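One structure is given below, encoded as structure tokens.
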Amino acid sequence: MASTGWAGIGFGQDDLRVIRETVGFPAIRAEIEAAGLRHVEVELASGWWREDDLSWRGTWELLLEAAHELQASFVKIGTAFGSPVDDITPFVKPLRQVANEAATVGTRVALEPLPFGFIGSMPQGADLIRAADHPSAGLLVDFWRLPRRHDPAATRAVS
């Protein structure tokens, strides 16, 4: 695949469940290497900020296992659909926690703000990443979404 211009591949949680139950992560890792791909991502963890509902943990553990076995650069995380929150404070400690857990398996978390999610813009996502202040937490900027947001603030530089 690298010979055709691809540099990486991403796997969603449903794909990862099937891989784990069938061929296994080591076989897929071998295929990734044979294809010459350099970047692997696994996705999507949501619910990670919910202390009152831990139903997300099963998916999170699958994503961590897959990230470790596939040598993924990061696990993509997001929030639930809804209006963007006014206060990011409730997300800071949980983000730090999932970043700690990701670091223990040799990967990181990448937060993808979505215009229809609780963390709804790049600037808000950058604020959350800065507040969490963890070396294994970063911001995923999906360039495809920026011009579609129709929000000049969404395209300003985030650092």
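At-a-glance table
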{"quantity": "Output for the stretch 72-82, where each listed residue is in contact with a helix residue (DSSP H, G or I) (Cβ under 9 Å, 6 or more places away or on another chain) and either closer than 23 Å to Pro115 by Cβ or of a type outside the set (A, V, I, L, M, F, W, C) (or both)", "calculated": "Ser73, Phe74, Val75, Lys76, Ile77, Thr79"}
{"quantity": "Of residues in the stretch 40-60 being in a loop (DSSP other than H, G, I, E, B) and charged (D, E, K, R), the one farthest from the chain's Cα centre (by Cα)", "calculated": "Asp52"}
{"quantity": "Options Glu41, Glu69; residue that is within 21 Å of Leu114 (Cα to Cα) and buried (at least 18 other Cβ atoms within 10 Å of the Cβ)", "calculated": "Glu41"}
{"quantity": "Check on Thr4, modelled with pLDDT of 95 or more and not charged (D, E, K, R)", "calculated": "no"}
{"quantity": "Unique match (being under 14 Å from the mean Cα position of the chain (by Cα) and either under 30 Å from Trp6 (Cβ atoms) or among the small types (Gly, Ala, Ser) (or both)) among Leu63, Leu37", "calculated": "Leu63"}
{"quantity": "Pairs where the first residue, in the stretch 88-108, is aromatic (Phe, Trp, Tyr) and the second is in a helix (DSSP H, G or I), C-beta under 6 Å, 6+ apart", "calculated": "Phe91/Leu128"}
{"quantity": "Residue, surrounded by the fewest Cβ atoms within 10 Å (Cβ to Cβ), within the stretch 82-132, restricted to residues that are outside any helix (DSSP H, G or I) and of a type in the set (Phe, Trp, Tyr)", "calculated": "Phe116"}
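The values are calculated or read from the model by the stated rules, or taken from the named source; none is laboratory data. Remember, predicted model here, so these are calculated numbers, not experimental data. Every residue, glycine as well, gets a Cβ built from its backbone with ideal geometry; the counts of neighbours run over all protein chains shown.
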